[in-house]
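Report on the structure given below.
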Amino acid sequence: MTKEKELFRPRVPGRVGMYVCGVTTYDLSHIGHARVYVTFDVLYRFLKHQKYDVCYVRNFTDVDDKIIARANELGEDPLSLSSRYCDEFHSDMAYLQCLPPSVEPRVSNHMNQIIDMIKQILDNDCAYIIDGDVYFSVDKFPAYGRLSGRKLEDNRAGERVAVDSRKQNPADFALWKSAKDGEPYWESPWGPGRPGWHIECSAMSAAYLGHSFDIHGGGMDLVFPHHENEIAQSCAACSKSNIGYWIHNGFVTVNEEKMSKSLKNFFTIREVIELYHPLALRFFLIGTHYRSPINYSMTQLDIASDRLYYIYQTICDCEETFHQHHGNDLKDSLPQDTLQCIQKLHLDFESSMSDDLHTPVALASISEPLRIINDLLHTRKGRKQELRIESLSAMVKEIKNLLGILGLAPSNYSEVLQQLRERALRRVGLTEDELLLKIDERTTARKNKQYDKSDEIRKGLAAIGITLMDSHTGTTWKPTIPHDVHEHASAM
Ligand SMILES: [Zn+2]
């Protein structure tokens, strides 16, 4: 609201009430949605890590024009269609490691609260009834436009939709829509109908968090008109209504254009995670500060997958080393430089996350500790270091903790490595057996001193994103960033 960074002070010390606008359930979610819910999941996890008791409310818009239209197309009951897509959304959130919110209210279960709030707004003379519709009167709310910085005149000038001449002001918006033929409806004091979109969030946030609460969030596209209208409604229903902090995340763009359903330039989460691991998608999304735009491309996902592979491989290598040293007595002390490294990591991570959730800086803070771990694991000098296992164990423990706060800590790291390898093979259209055959072919060529041929195989694989690693025990492979990638997001 102030357009400035502010110190976070919750209304009740130690407790946070957070409401995030949810999806309209008529289709699969795209990665613009993934960005919103990953952003607020990181905030939710970080607040919990800071020992706040958080009540996180995220709604489902399960009553809406788009749902009704889609259901009619498919000859399905609108509520059963939306319930189906609520389930699909839950699966997407689980893939992306987003924690379930404390409450997930649905519009269809909150008609009483919605109708009560509309009554209140009418009683306070901030709305009017025409033929069974109820409209909010923006002229009754002088602060209208404060969040978005828009003035009512701007709206009128930019009006592209036909203006309903029954409205007192073209910017007035529907709180209740009277039922049309063949549409689902609920009884109300103004006749059968259903709520307008905006009122649901005012009513459901008040139902679970009260009229005043700490954080209200959503995508940047919701600032106007959705959140502006929410403020107007909530204040009209209860003059004490107040939101502590508004938080909005930036768009996902494709070729510098906003990804959206209406522009038809979107990728669903399902499409993307066929070829890239969901945690790589999550890593890509939090690799940019939440308020900045983020440009989607396969190259960026290749880079994110590669980075994630390196982090998880490092953790797995440590676990393997611990396994080999299992049963050895570990000392209860750490070298000074290890202690310093862990302290610095902790401080860098906490300070960047506390500074308006600077996730890219938080992610960067684990780079140096990972390099030190790899030195301890793989270099001659590192392997001789005193208290090596103790150092590795303490550093890995801290890194896993921090990854957990970002939602990047799976229960089984080696399983995710395997899944990352599978996705890489899927991207290049090879089975593991086909790849192993190529590796054998190269090994034979090398034995026969056909170095041109063996080089050609190695380079060919590197170009499509497969690196070969030779050691005395044989040749292994890992996924990497393809050499010949181009920005071809639209090719997917
Ligand atoms: Zn909302």
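A few points about this structure:
- Charge dipole (segment 297-413, unit charges on Cβ, about Cα centre) - positive-most of Leu301, Ile405, His325: His325
- Note on Lys261: lysines with a C-alpha under 17 Å away, same-chain residues under 8 apart excluded, are Lys66.
- From phi via Karplus (6.51, -1.76, 1.60), per-residue ³J(HN,Hα) for segment 184-198 in Hz, x at Gly/Pro: x, 8, 10, 6, 8, x, 9, x, x, x, 8, x, x, 5, 5
- Label reach from Cys316 (point 7 Å along Cα→C-beta): in segment 247-277, amide nitrogens under 15 Å belong to 277.
- Nearest-0.05 FRET efficiency for Cys86 and Ile481, computed from C-beta distance (R0 25 Å): 0.10
- Among the chymotrypsin sites (Phe, Trp or Tyr not before Pro) found in segment 5-40, those both in a DSSP coil and sparsely packed, with 16 or fewer other Cβ atoms within 10 Å of their Cβ, are Phe8.
- Electrostatic bookkeeping for Glu88 treats Lys and Arg as +1 and Asp and Glu as -1; over the other residues with beta carbon under 11 Å from its beta carbon, the sum is -1.
- For the cross-link pairs Lys119/Lys167; Lys5/Lys140; Lys48/Lys258; Lys119/Lys140; Lys51/Lys344; Lys384/Lys478, the ones whose C-alpha atoms lie over 24 Å apart are Lys5/Lys140; Lys48/Lys258; Lys384/Lys478.
- Working note: Karplus 6.51/-1.76/1.60 with θ = phi - 60° gives segment 210-216 the couplings x, 6, 10, 8, 7, 10, 10 Hz, where Gly and Pro are set to x.
- Of the trypsin sites (Lys or Arg not before Pro) found in segment 356-445, those in coil by DSSP whose Cβ has at most 12 other Cβ atoms within 10 Å are Lys384.
- Shape category assigned to the chain from the gyration tensor of Cα positions, a/c cut at 1.5: prolate
- Label positions at Leu79 and Lys5, each projected 7 Å from the Cα along the C-beta direction, are separated by 4.8 nm.
- Take every Cα pair under 8 Å whose residues are at least 6 apart in sequence, average their separation, divide by the length of segment 430-491, and the relative contact order is 21 percent.
- Taking all Cα pairs closer than 8 Å and separated by 6 or more residues, the relative contact order of segment 193-266 comes to 34 percent.
- Rounded to 0.05, the FRET efficiency of the Met220 and Glu368 pair, given R0 = 25 Å and the Cβ-Cβ distance, is 0.15.
- Modelled label reach - Ala143, point 7 Å along Cα→Cβ, segment 201-235 residues with backbone N closer than 11 Å: 231-235
- Across the chain, the relative contact order, built from alpha-carbon pairs under 8 Å that are at least six residues apart, equals 15 percent.
- A simple spin-label model places pseudo-atoms 7 Å from Cα toward Cβ; at Lys151 and Arg15 they are separated by 4.2 nm.
- The alpha-carbon of Lys449 sits under 22 angstrom from the alpha-carbons of these lysines, leaving out residues fewer than 8 places away in its chain: Lys438, Lys459.
- The chain: angle of helix 78-95 to the longest principal axis, Cα-based, in degrees nearest 10: 30 degrees
- Our estimate of slack between Asp332 and Asp440, defined as 0.36 nm per intervening residue step minus the Cα-Cα distance, is 34.2 nm.
- Full extension of the chain between Lys397 and Asp433 gives 9.4 nm of extra length, using 0.36 nm per residue less the Cα-Cα distance.
- Between amide H atoms placed 1.01 Å from N, distances below 5 Å from Asp133 occur with Ser178, all of them 5 or more places distant or on a separate chain.
- Test item: Cα-centred dipole of the chain, Lys/Arg +1 and Asp/Glu -1 on Cβ, debye: 1140 debye
- Between Glu187 and Lys48, the C-beta separation translates, for a Förster distance of 51 Å, into a calculated FRET efficiency of about 0.80.
- The residue among Val12, Leu334, Val36 whose Cα reaches farthest toward the positive pole of the charge dipole of the chain, with charges on the beta-carbon of Lys, Arg, Asp and Glu, is Leu334.
- Gain in span if fully extended, Tyr451 to Asp116, counting 0.36 nm per residue against the direct Cα distance: 112.7 nm
- Note on the chain: dipole from Cβ charges, positive end direction compared against Ser354, Phe284, His110; the farthest Cα belongs to Ser354.
- Distant-in-sequence amide H partners of Thr467 (H built 1.01 Å from N, under 5 Å): Lys478, Thr480
- DSSP bridge orientation in the chain - percent antiparallel, rounded to nearest 5: 50 percent
Since every read-out is calculated from the coordinates, none of them should be taken as a lab result. Keep in mind that this is a model prediction, so the values were computed, not measured. FYI the Cβ positions are ideal-geometry reconstructions off the backbone, even for glycines, and counts take in every protein chain you see.
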